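Single-structure report; data block below.
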């Protein structure tokens, strides 16, 4: 990828551009990548954590140990599990950290619910994607406008959509900011080994067969032998289903 081909809304110095467009991070450990990001972006860097998966909590722990002032935000769709809110409070207490909570535009949600009902997402995939877009994708897009870089907990082995995830990349559809996926090459056991070794707080629903926790009406426990994300939007048949925040615009998502 050449620099002129990039659609960057942010002004990055040449060292950052060369670092991101190169492949130097692919051989680096997660802590090394986070150290580089914290040094280069400081308060314009934040962790995007759902508080519904252990990956985000691992990254929160790492970032806090590197810089106690590191930022973290969550998207509150208004339909979250009580267990997820409990985890947010546990994180505040454990790390003495402010969690930035991002809400959807209430007028957009009110109009959608008034027209199609509270549980519209069960009626069609189109409705489900609309709900995800208004409650998650668009609020995230707005929040990222104030950042130069953000951290996500994507892993390549989570599903087919994520198998080519780079550890550091420019997210052009999100305005050309830097997206960091420090755990891209981690496996499931790597995540849980870190959680146990460092006693990282995680969502209590993980012990109730919920490996991935999203909105309450769109999440169920997985059965023995099922994929770890089989409990998300389980009524849809597409094994590559996503809410849209990690899909590019050409795939019908937001690029974030």
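The values are calculated or read from the model by the stated rules, or taken from the named source; none is laboratory data. Keep in mind it's a predicted model, so treat the numbers as computed, not measured. Don't worry about glycine lacking a Cβ; one is built from the backbone with ideal geometry, like all the others, and counts go over all protein chains shown.
Laid out as a table, the results:
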quantity: Among (1) in contact with a strand residue (DSSP E or B) (Cβ under 9 Å, 6 or more places away or on another chain); (2) in a helix (DSSP H, G or I); (3) without any contact (Cβ under 8 Å) to a residue 60 or more places away in the chain; (4) within 22 Å of residue 142 (Cα to Cα), the one test that residue 78 misses; calculated: (2)
quantity: In the range 207-238, the residues that are in contact (Cβ under 8 Å) with a residue 60 or more places away in the chain, in contact with a strand residue (DSSP E or B) (Cβ under 7 Å, 6 or more places away or on another chain) and not in a loop (DSSP other than H, G, I, E, B); calculated: 215, 216, 218, 219
quantity: Test: residue in the range 50-57 that is at pLDDT 95 or above, over 26 Å from residue 134 (Cβ atoms) and not in a loop (DSSP other than H, G, I, E, B); calculated: yes
quantity: Residue selected from the range 100-122 under the condition touching a residue at least 40 places away in the same chain (Cβ under 8 Å) and in contact with a strand residue (DSSP E or B) (Cβ under 9 Å, 6 or more places away or on another chain), by the criterion surrounded by the most Cβ atoms within 10 Å (Cβ to Cβ); calculated: 121
quantity: Residues of the range 155-188 classified as touching a strand residue (DSSP E or B) at 6+ places or on another chain (Cβ under 9 Å), at pLDDT below 95 and assigned to a loop (DSSP other than H, G, I, E, B), total; calculated: 2
quantity: The lone exception for residue 46 - which of (1) surrounded by 14 or more Cβ atoms within 10 Å (Cβ to Cβ); (2) farther than 30 Å from residue 209 by Cβ; (3) out of contact with any strand residue (DSSP E or B) (no Cβ under 6 Å at 6 or more places or on another chain) it fails; calculated: (3)
